[in-house]
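**Q** First the structure, which I've put down as C-alpha cells, then a few questions once you've had a look.
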Amino acid sequence: MTERVVLAYSGGLDTSVAIGWIAEETGAEVIAVAVDVGQGGEDLDVIRKRALACGAVEAEVADAKDEFADEYCLPAIKANALYMDRYPLVSALSRPTIVKHLVAAAQKHDAGIVAHGCTGKGNDQVRFEAGIAALGPDLKCIAPVRDYAMTRDKAIAFCEDKGLPIATTKKSPYSIDQNVFGRAVETGFLEDIWNAPVEDVYEYTENPATPREADEVVVSFEQGVPVAVDGKAVTVLQAIQQLNERAGAQGIGRIDIVEDRLVGIKSREIYEAPGAIALITAHQELENVTVERELARYKRQIEQRWGELVYDGQWFSPLKRALDGFISQANEHVTGDIRMTLHGGRAVVTGRKSPQSLYDFNLATYDTGDTFDQSAARGFIDIHSLSSKIAARRDLA
C-alpha cells in the first residue's frame with residue numbers, strides 16, 4: 001500500500017509546492033488539510049480545489065472558527081494568558097486546533113505521516129509535532145522546509161517547472177500569521193530591533209495617534225465566558241470579532257516585543273490583538289471584583305505557567321489539562337458587566353457590576369455607615385507583625 005502523508009495546507013506557495021515536493025521525496029500520496037481559524041483570505045473551496053490541482057489525492061477543509069474561539073481562545077481569556085506579560089498567544093493557540101484536524105484526517109485516511117510547513121528555527125514546528133505526538137503518538141512528522149531544504153527560491157522554481165496553479169509573485173517583506181484572535185508579523189527590517197515598526201505593518205488596528213471619538217463598550221460575562229456586548233447576546237467568536245473591529249478602530253492591541261522563543265533564541269515580534277486585549281482586560285477586572293484574594297493571588301501564578309505551557313506547544317500535556325481544571329473552577333463566580341472606554345490605543349475600565357461581587361460598599365466606605373470595625377485593626381497588626389518584630393530584636397541585639 002502506498003504511504004500517505006497528511007499535509008497542513010494553507011493554500012499559499014510553500015504548502016502548494018510541498019504537495020509535489022513531498023511526493024517526489026517520499027513517493028507518498030499527499031492529503032491536504034486546510035483549517036479556517038479566522039485568518040481571512042480565500043474561500044475554503046478555492047483552497048481545496050487548488051490543493052487537488054497541485055497534486056493532492058484528496059483535500060479536506062474545515063471551518064473551525066467557532067471551535068477555535070470556544071475551545072482555545074476562551075480558555076486563554078479565562079486564564080488572562082499573556083506570555084511574558086504581554087503576548088496573548090495568537091499563533092500558539094491556533095496550532096493545537098489545526099493539529100486536532102490533522103490527526104483526525106491521518107486516522108481517517110490511514111496516513112502514517114503528518115507534514116507541516118514550518119522552518120527549523122521557530123516555535124511552530126514544536127507546537128505541531130508535540131501536539132501530534134500527544135494525539136497520535138504513532139504518527140511520524142516531516143517538514144519539507146526543514147527536512148528537505150525546500151527554500152523559497154527552490155519552491156518558486158519547482159512551481160514554475162511543474163506549472164502549478166499558484167502565483168509566484170514577490171514575497172512580502174514580512175512573515176505573517178493571523179487568525180481571529182490576532183495577527184503576528186516578523187522578519188524583514190523588523191529583525192533590526194532598533195527599527196521602529198511602520199504603519200504598513202499593521203492591518204487589524206488603526207493608528208492610535210489619529211484623533212477620533214472614544215468608544216464606550218460594556219462586556220458581560222457568565223462564569224468567565226463573554227456572553228454579551230452592549231447588552232446583545234454574542235458567541236465567543238462574535239465577541240472577539242466585534243471587539244477586534246471596535247478596539248482595532250481605536251488602535252488597541254499593538255504589541256512590539258522581543259520574546260524568548262522556545263528554541264532558545266530571542267525574536268522580535270509585532271502583534272495585533274485588539275479583541276484579545278480588550279477581552280482579557282475586561283476579564284481581569286471582573287476577576288478583581290469577584291475572586292477571593294488568596295485564590296486571585298495564586299491564580300496569577302497559574303496563569304503564567306499556563307501561558308508558558310501553551311507557548312511551548314504543551315496544549316495537550318497532563319499539566320496543562322490539570323491547570324485547565326483549576327482555571328475553570330476559579331472562574332465559577334466571574335459573572336457580571338465591565339464598562340470600558342476604548343480610545344488612544346488603550347482599553348480603560350470605567351465601571352464594574354456583578355451579582356457575585358465581593359466588593360462591600362459598607363465595608364469600603366469612609367463615610368457614615370462604615371461597618372468595618374477599625375478597633376480590630378490594632379490587634380491584627382500586632383499579631384501580623386509579631387514574627388518580624390521578634391527577628392528584629394535578635395538582629396539588633
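**Q** Can you give me the relative contact order of segment 194-309 as a percent, contacts being Cα pairs under 8 Å and 6 or more apart?
**A** 22 percent
**Q** Mind pulling the per residue volume of the convex hull built on the Cα atoms of segment 220-320? Å³ is fine.
**A** Enclosed volume per residue, from the Cα hull, is 133 Å³.
**Q** Which loop-located trypsin sites (Lys or Arg not before Pro) does segment 107-185 contain, where loop means any DSSP state but H, G, I, E or B and the Cβ has at most 10 other Cβ atoms within 10 Å?
**A** Listed in order of number, the matching sites are Lys170.
**Q** Determine the relative contact order of segment 1-117: mean sequence separation of Cα pairs under 8 Å and six or more apart, normalised by residue count, in whole percent.
**A** Values: 178 pairs, mean separation 40.0, N = 117.
After rounding, I find 34 percent.
**Q** Okay, moving on. What figure, in Å² to the nearest 10, do you get for the accessible area of Thr365 with a 1.4 Å probe and non-protein molecules left out?
**A** So the heavy atoms of Thr365 present about 20 Å² to solvent.
**Q** Explain nothing, just compute: Karplus ³J(HN,Hα) = 6.51 cos²θ - 1.76 cosθ + 1.60, θ = phi - 60°, for every residue of segment 89-96 in order, whole Hz, x for Gly and Pro.
**A** Each residue's phi maps through the Karplus curve to give 6, 3, 6, 4, 6, 6, 5, x Hz.
**Q** Also, I was wondering about something else. For a quick check, take a GNM of the chain with Cα springs below 10 Å and name the residue from Val258, Val99, Val334 with the largest mean-square fluctuation.
**A** Judging by the Gaussian network model, the answer is Val258.
**Q** Let me ask something else. Can you compute the FRET efficiency between Gln301 and Lys266 using 1/(1 + (r/R0)^6), with r the Cβ-Cβ distance and R0 = 35 Å? Round to the nearest 0.05.
**A** Approximately 0.90, to the nearest 0.05.
**Q** Multiply the residue gap between Asp147 and Asp367 by 0.36 nm, knock off their C-alpha separation, and tell me the result in nm, one decimal place.
**A** Net length gain for the segment: 72.1 nm.
**Q** Please state the shape class of segment 156-195: rounded when a/c is under 1.5, otherwise prolate if a/b exceeds b/c and oblate if not, all from the C-alpha gyration tensor.
**A** oblate
**Q** Tell me the volume per residue, in Å³, of the convex hull enclosing the alpha carbons of segment 86-182.
**A** Considering the Cα atoms of segment 86-182, their hull volume per residue is 145 Å³.
**Q** How large is the accessible surface of Thr371 in square angstrom, using a 1.4 angstrom probe and rounding to the nearest 10?
**A** For Thr371, solvent-accessible area is about 80 Å².
**Q** Which stretch or stretches of segment 308-338 have amide N atoms under 13 Å from the point lying 7 Å from Glu71's Cα along the Cα→Cβ direction?
**A** Correct set: 316.
**Q** Please name whichever of Ala233, Gln374, Leu89 sits farthest to the positive end of the charge dipole of the chain, dipole taken about the Cα centre and charges placed at Cβ: Lys and Arg +1, Asp and Glu -1.
**A** Projecting each Cα onto the dipole axis, the largest value belongs to Gln374.
**Q** Also, I was wondering about something else. Quick check on the chain: helices-only [θ] at 222 nm, where DSSP H runs of length 4 and up contribute -39,500 (n - 2.57) each and the sum goes over total residues. Nearest 500, please. Intermediate results must be reported in sequence, preceding the final value.
**A** Values: 15 runs with 164 residues, N = 397.
The per-residue figure over the chain is -12500 deg cm²/dmol.
**Q** Taking all protein chains together and a probe of 1.4 Å, list Met1, Met150 from the most accessible to the least accessible.
**A** Ranked from most to least accessible, the order is Met1, Met150.
**Q** Ok, one more. So what's the Cα pair-distance distribution over segment 327-397, bin width 5 Å, in %?
**A** Bin by bin from 0 Å, the calculated values are 3, 11, 9, 11, 12, 12, 14, 11, 8, 6, 2, 0.
**Q** Here's a follow-up. Taking only C-alpha pairs under 8 Å that are 6+ residues apart, what is the relative contact order of the chain in percent? Walk me through the numbers before you get to the answer.
**A** Numbers: 735 pairs, mean separation 67.3, N = 397.
It rounds to 17 percent for the chain.
**Q** OK, next. In a shell of Cβ-Cβ distance under 12 Å around Tyr83, excluding Tyr83 itself, what net charge do Lys and Arg (+1) and Asp and Glu (-1) give?
**A** Residues close to Tyr83 contribute a combined charge of -4.
**Q** Still on this structure, I have one more. Under the 0.36 nm per residue contour assumption, what length would be gained going from the current alpha-carbon distance of Lys171 and Asp192 to full extension?
**A** 5.6 nm
**Q** Compute the distribution of all C-alpha to C-alpha distances in segment 104-252, in bins of 5 Å from 0, and list the percent of pairs in each, rounded to whole numbers.
**A** Once binned at 5 Å, the Cα pair distances of segment 104-252 give 2, 7, 11, 11, 13, 14, 14, 12, 9, 5, 2, 0.
**Q** Follow-up. Averaged across orientations, what area in nm² does the convex hull of the alpha carbons in segment 196-251 project?
**A** For segment 196-251, the mean projected area of the Cα convex hull comes to 4.8 nm².
**Q** Specify which residue in the list Thr151, Ile132, Gly112 is farthest towards the positive end of the charge dipole of segment 106-154, using unit charges on the beta carbon of Lys, Arg (+1) and Asp, Glu (-1), about the Cα centre.
**A** Result: Thr151, furthest along the dipole toward the positive end.
**Q** Write down Rg/Rh for segment 223-271, rounded to two decimals, with Rg from the C-alpha atoms and Rh from the Kirkwood relation over Cα pairs.
**A** Value, to two decimals: 1.18.
**Q** How large is log10 of I(q)/I(0) for segment 34-141 at q = 0.23 Å⁻¹ when the intensity is taken from the Debye formula with one equal scatterer per alpha-carbon?
**A** Once normalised to I(0) and log-transformed, intensities are -1.42.
**Q** Which of the GluC sites (Glu not before Pro) found in segment 277-350 are loop residues per DSSP with 13 or fewer other Cβ atoms within 10 Å of their Cβ?
**A** Glu292, Glu332
**Q** Provide the per residue accessible area, probe 1.4 Å, for the chain, rounded to a whole number of square angstrom.
**A** In whole numbers, the chain has 50 Å² accessible per residue.
The values are calculated or read from the model by the stated rules, or taken from the named source; none is laboratory data. Nothing here was measured: the structure is a model prediction, and the numbers come from that model. Here the Cβ is made from the backbone with ideal geometry for all residues, glycine too, and neighbour counts use every protein chain on show. Side chains are part of the model used for accessible areas, which takes the heavy atoms of the whole protein and leaves out ligands, DNA and RNA. Shrake-Rupley method; radii C 1.70, N 1.55, O 1.52, S 1.80 Å.
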